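To start, the structure itself, in structure tokens.
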Amino acid sequence: MTQCPECDFNISIPKDSLEGEIVTCQDCGSSFEIMKSSDDFKLKPAQTVGEDWGQ
């Protein structure tokens, strides 16, 4: 379990999660990418890709 960087809500990360997976905070709705550290998981803000309308 780790805390949301935005609202400090406890986010449960399964032990079998892989680096690069996206998790969403159930409280504030922010999305984060899982980064694996030496002994645990860390979260970094997920990059959102917007629509490309050919402009």
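Taking θ as phi - 60° and the Karplus parameters 6.51, -1.76 and 1.60, the scalar couplings of segment 7-14 work out to 10, 6, 5, 6, 9, 8, 10, x Hz in sequence order, x denoting glycine and proline. A simple spin-label model places the labels of Gln47 and Asn10 3.3 nm from each other, with each point 7 Å out along Cα-to-Cβ.
The HN-Hα couplings worked out from phi for segment 28-33 by the Karplus form 6.51 cos²θ - 1.76 cosθ + 1.60 (θ = phi - 60°) are 9, x, 6, 9, 9, 9 Hz, whole numbers, x standing for Gly and Pro.
For the chain, a Gaussian network of Cα nodes joined below 10 Å ranks Asp40, Asp27, Asp16 by mean-square fluctuation, and the top entry is Asp16.
The calculated P(r) of the chain, using every Cα pair and 5 Å bins from 0, goes 4, 20, 29, 20, 12, 6, 5, 4, 1 in percent. Shown for Phe9, Phe41, Phe32: other C-beta atoms within 10 Å of each C-beta, ranked fewest to most, produce the order Phe9, Phe41, Phe32. Each label was represented as a point 7 Å from its Cα along the Cα-to-Cβ direction; for Asp39 and Glu21 these points are 2.2 nm apart. Remark: Ser30, Ser12 ranked as Ser12, Ser30, counting other beta-carbon atoms within 10 Å and listing the fewest first.
Read-outs throughout are calculated quantities, based only on the coordinates presented, and are distinct from any laboratory measurement. Owing to the predicted nature of the structure, the values given are computational and were not obtained by experimental measurement. All Cβ positions, even for glycine, are placed from backbone atoms using ideal geometry, and neighbour counts span all protein chains on display.
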